[in-house]
Structures are given as structure tokens and as C-alpha cells.
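Visitor: Below you'll find the structure I mean.
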Amino acid sequence: MQMRPKYKVKFIGHMLYKKEILSENLTCNVMPLTIVLLCLSIPFQVQAQVELNKESQVSLSEKIIDSDDLIYRNLENLGGKHTIKARDKRSLSHAYDNLSDEEIDKFILGKSFFNIPWVEAPSATTARDGLGPLFNANTCLSCHSGNGAGFSLDQDGHINRSLVFRLSKQESQLDPQLKKIVTTQGFIADPVYGAQININGVHGVLFEGTPKVSYSTQTIQYADGQSIQLQMPKFSLINLNYGPLDKSTVISPRVALSLVGLGEIEKISEQDILANEDVEDRNNDGISGKANRVYSLEKKKSVLGRFSWKASAPTVKQQVASALHNDMSLTTPLINNENCTKFQHDCLEAQGSQSLEVPMKRLEAISYYISHLKVPAQRKTHSNRQGFKLFKKTGCSSCHKSSFVTSENNRIYPFSDFLLHDMGEALSDQRNEFLAQPREWRTPPLWGIGLAETLSNNVSYLHDGRARSIEEAILWHGGEAESITQKFKQLTKSERQSLIQFIRSI
């Protein structure tokens, strides 16, 4: 039997997800194609030296080194050195390894303030009082069960409190003076109800309103004759206790995002994120990612946005401060005003804490806790490899970029570019946030998405929770992703299942 020629491929370089220098010799059975080293896609930067074995004198144009295969093999370490193998209800609750005693104390302190409920002030529990006067939940866990994502509806069909209703005036309706405020606030809140509807109030303070949703259905046909029904939501507010919304105010429902890998995302360099920006679509691939520039409450200037559905938060700390303010009306050094408008007199007069409810030490502890949670490893299944190839083939990876290297030389696999993309009119929320237009959404990281059903009995996907499955979420992709959605619809049923299974494995 004739043997395939062998090449000795020598890699000399720096393994980006480890600290040591790698010097490794690999001997490969080869197929007759050109050797191509896609250095930006494989988990190390290399210089390659290819030597033809003495047993064979075949041209070097006979081998391609499959970088996608190398990526796939490394997905079991989605968080790089901060990966945990277990995939269970506690998978998103484990601290990084090798923390010092002081760091462990800070982690535990932050976890405590994240998990334990806050109460109305004044209270004997002075470290945890100050809730309200208006609020949605009394603990962070209410929206992030197991540190995972929220969902839209419970098993009885009621709106879950992890689906919050953001309010803002349409930018087209703003006068020039108000548009200047957008540069620091990102949007203009409703003058009566503020930036978010609160469904609860402390004693003596009326809640703001009650969210409501109804659905219509839409049938999608696949090329193989199969079909699926999507549900189109219609959101509204009833029981508005402080009068009507401003006539130009729009409602934007937002499901709480998962807390997977936030600390590692913050360590990705701005340069690496901007490297994927292509606002004018100069390469004509139909994808034109755009970075959001947002106002930093700490630096007092415009910086790159990384977090939230429209990349409107620059850091974990600012995102935490915003959530504490909007969801529980807790004051912090970054946002030190009560969550009341001038029209809500009972709210303004309610007795609260005389000092900051979450001083800097506690705010930093909560942020530290969230930033030092391990990332769960990929769940390996037989169909994952085929699904990964289809993920690439259909174009999902155009926005859901597989990997980045952090400032600590840790290679991670979040499957996001952290840029804004036009997702089509069907997903428009009519709301601007800094540079983000109504149809634009940040590419959500996919790591940890397969744990949703493990962490909660209820799951939903997309910003407003309209998708009941990953399959439905894919089919809602329009705008820049329209051609990718059409490719997905052309797949056979088994191919679609393989692709979805791969995403669920992440």
C-alpha cells in the first residue's frame, strides 16, 4: 500500500493562553494541498519551518493545516486558564484559581452583597438597607439565577422580573439641547417615569406600572419542507400610577444577560475589538460591525462600550452601578441620586439612607465577584465537530468571532466581536443608545448559552426574550445577518440540528 508523504512541521512561538514558550515538533500525515498557516485563527502565533522528510520528495504545495480543527480542539477551554470542566447548576459560581487570601475575602464579600436581599431603610440591617423607594427586585439573583441569564415569561405565562422595561424618548423627537445630553447619558429618559419602569414600591410609595405582552405568530418555511412558528411580541404598560408616558417615549424590553466571563471581556484590548470594525463594509462581505462609544462615569470621557445589549457600558463596575440604580434604586459613588423623577413626590419624600447605600468598597467587591467567575468548558458531543463546521460555513462566525487574547495572554473563546450590527427591522426597538441605532445590537457572547436550561426551568433568547429556542433566535436574525439566516434555512434538518447542538455545547 502506498503511504501518504509526511512533512515535519515545526512550530516555534508563544502559546498565548499559557505563559511559557512553546517549542514543539509535529509530524503530520498530509493531504495534497498548500500549507497555509492562519496565524490569527489558531491558538498561537508561530513561525513555521516545514521540512520535507527524506523518504519523500513531493512539492510543498500539498498540505493545508486546518486551523479550524485546532480552534475546535481548544474549545474545551472556553475561558482559557479560567475554565471549569463541570456543567451543572453551580458552573457559573466558581472563583478563579490562585486568588490570594485578600482576593478571596473580596470575592466572598461581593458574592454576599450579590446574593442576599436588600431591605427598605431605615433598618437594623444597616449594611443592606436602602432598597427603593421604587424597585424591580431586592436581590441581584432575582434576575441572574445561578449567575445566568434571565427569561421573559414564567411557566404560568407571567412576565418575569428579569425582563425589565427601559424607557426613552425617540431621538428624532429631541430638540438640539436634549441631543447634547445624549452624549453623556446615551438617551433621554421619560420625564415622568425615568429610564426604567419599576414594578414595586416600598411602603407608602406606589409602584410605577405593570408590563404586559401579547404574541402573534409567524410561520417560517425551510427548504426541505419543514416549518416552524415564531412568536412576535407586542409590549405595553398598564396601571400607570403617575400618569401617561410622554408621547415620544418608546418601550424597550431587556432580558438580563448572563454573567459569563465578564472579567475576561474587560481584559480584551480596545485595539483587538476595533480590528473587526468595518462600518463602511469595505470588504463587501455584508457585515459592518460598529463600535459603540459611550460615556465613562469614572473617566468623564467617551470610551469603548463592551457590555449590555447595545454595548452601552464600558466596564463591569459601571454596569453594576447602573443595575443597582435602575433595578433596586441603590445609590453608589458612580450614580448617587435616588431613582425618582420630580413628578413622583411620594418617592422623593420617602426616607432612605442618609449616606451612599453601596459605597465604593462594596461596589468594587460586587464587581470583583462578577469579574472573577470561571467560564464553563464546552460539552463535547459526537455532532459538535460537524456543527462547528456548519457554524463557520453558514457565516455565523462573521460576527460571533471565536477567540481573543486578553491582556494577561489568556486565549478565550467568547464567540462575539462585541460590536454593534444591524439586525433588521423586526428586531428594532426604536431606541438609540449613544451611537447604537434602533436596529443595532451588540453581538452577544455565546459561551455559557448551553447552560441556560440547566440553570433555569425557563429559557428565552434575544433582547426581549421572544425566542423560545436557539433555532427561533437564529431565524429572527435579519439586516446584516439576513443572508446567513437564508443559508441556515437551506440546511437539511440533520444539519440544522448539528449546528444548534454545537451552539448548545458552548
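Visitor: Any chance you could count how many residues in segment 301-343 are over 17 Å from residue 130 (Cβ atoms), assigned to a loop (DSSP other than H, G, I, E, B) and in contact with a strand residue (DSSP E or B) (Cβ under 9 Å, 6 or more places away or on another chain)? It would help to see each step written out before you state the result.
Guide: So the first thing to find is which residues in segment 301-343 are over 17 Å from residue 130 (Cβ atoms), and the list is 301-319, 341-343.
From the residues that got through so far, the ones that are assigned to a loop (DSSP other than H, G, I, E, B) too are 305-306, 308-312, 314-315, 341-343.
Those still in the list that are in contact with a strand residue (DSSP E or B) (Cβ under 9 Å, 6 or more places away or on another chain) too: 305-306, 308-312, 314-315, 341, 343.
Total satisfying the criteria: 11.
Visitor: Same structure again: Conditions first: (1) assigned to a loop (DSSP other than H, G, I, E, B); (2) buried (at least 18 other Cβ atoms within 10 Å of the Cβ). Residue 298 passes all but one, so which condition is the exception?
Guide: Going through (1) assigned to a loop (DSSP other than H, G, I, E, B); (2) buried (at least 18 other Cβ atoms within 10 Å of the Cβ) one by one, residue 298 breaks only (2).
Visitor: Specify the residue that is nearest to residue 281 (Cα to Cα); the eligible residues are those in segment 365-403 that are over 22 Å from the mean Cα position of the chain (by Cα) and not in a helix (DSSP H, G or I).
Guide: My answer is 383.
Visitor: Quick one: which residue in 205, 192 is modelled with pLDDT of 95 or more, surrounded by 14 or more Cβ atoms within 10 Å (Cβ to Cβ), under 20 Å from residue 132 (Cα atoms) and in contact with a Cys (Cβ under 8 Å, 6 or more places away or on another chain)?
Guide: Numbers: 192 fails: in contact with a Cys (Cβ under 8 Å, 6 or more places away or on another chain).
Step by step, each of 205, 192 is checked, and only 205 is modelled with pLDDT of 95 or more, surrounded by 14 or more Cβ atoms within 10 Å (Cβ to Cβ), under 20 Å from residue 132 (Cα atoms) and in contact with a Cys (Cβ under 8 Å, 6 or more places away or on another chain).
Visitor: Search segment 411-434 for residues being surrounded by fewer than 20 Cβ atoms within 10 Å (Cβ to Cβ) and in a loop (DSSP other than H, G, I, E, B), and hand back the single one that is modelled with the lowest pLDDT. Full working, then the answer.
Guide: Kept after step one, since they are surrounded by fewer than 20 Cβ atoms within 10 Å (Cβ to Cβ), are these residues of segment 411-434: 424-426, 428, 430.
Keeping just the survivors that are in a loop (DSSP other than H, G, I, E, B) gives 424, 428, 430.
Working: 424: 98, 428: 98, 430: 95.
Only one residue fits best here, namely 430.
Visitor: With the structure loaded, tell me whether residue 480 is part of a helix (DSSP H, G or I), of a type in the set (D, E, K, R), surrounded by fewer than 20 Cβ atoms within 10 Å (Cβ to Cβ) and more than 14 Å from the chain's Cα centre (by Cα) or whether it fails that test. Show your work before the answer.
Guide: Working: part of a helix (DSSP H, G or I): yes; of a type in the set (D, E, K, R): yes; surrounded by fewer than 20 Cβ atoms within 10 Å (Cβ to Cβ): no; more than 14 Å from the chain's Cα centre (by Cα): yes.
The answer is no for residue 480.
Visitor: When you look at residue 264, is it in contact with a Gly (Cβ under 7 Å, 6 or more places away or on another chain) and among the acidic types (Asp, Glu), yes or no? Break it down into steps so the answer makes sense when it comes.
Guide: On the way: in contact with a Gly (Cβ under 7 Å, 6 or more places away or on another chain): yes; among the acidic types (Asp, Glu): yes.
Here the answer is yes, as residue 264 does meet what is asked.
Visitor: What's the total number of residues in segment 232-253 that are surrounded by 12 or more Cβ atoms within 10 Å (Cβ to Cβ) and either within 30 Å of residue 220 (Cα to Cα) or more than 30 Å from the chain's Cα centre (by Cα) (or both)?
Guide: Summing the residues that are surrounded by 12 or more Cβ atoms within 10 Å (Cβ to Cβ) and either within 30 Å of residue 220 (Cα to Cα) or more than 30 Å from the chain's Cα centre (by Cα) (or both) in segment 232-253 gives 14.
Visitor: Quick check on my filter: what residues within segment 143-182 are free of Cβ contacts under 8 Å to residues at least 60 places away in the same chain and either at positive phi or among the basic types (Lys, Arg) (or both)?
Guide: 157, 161, 179, 180
The values are calculated or read from the model by the stated rules, or taken from the named source; none is laboratory data. Because the structure is predicted, anything quoted here is derived from the model rather than measured. Using ideal geometry, Cβ is built from the backbone for each residue, glycine included, and neighbour counts are taken over all protein chains shown.
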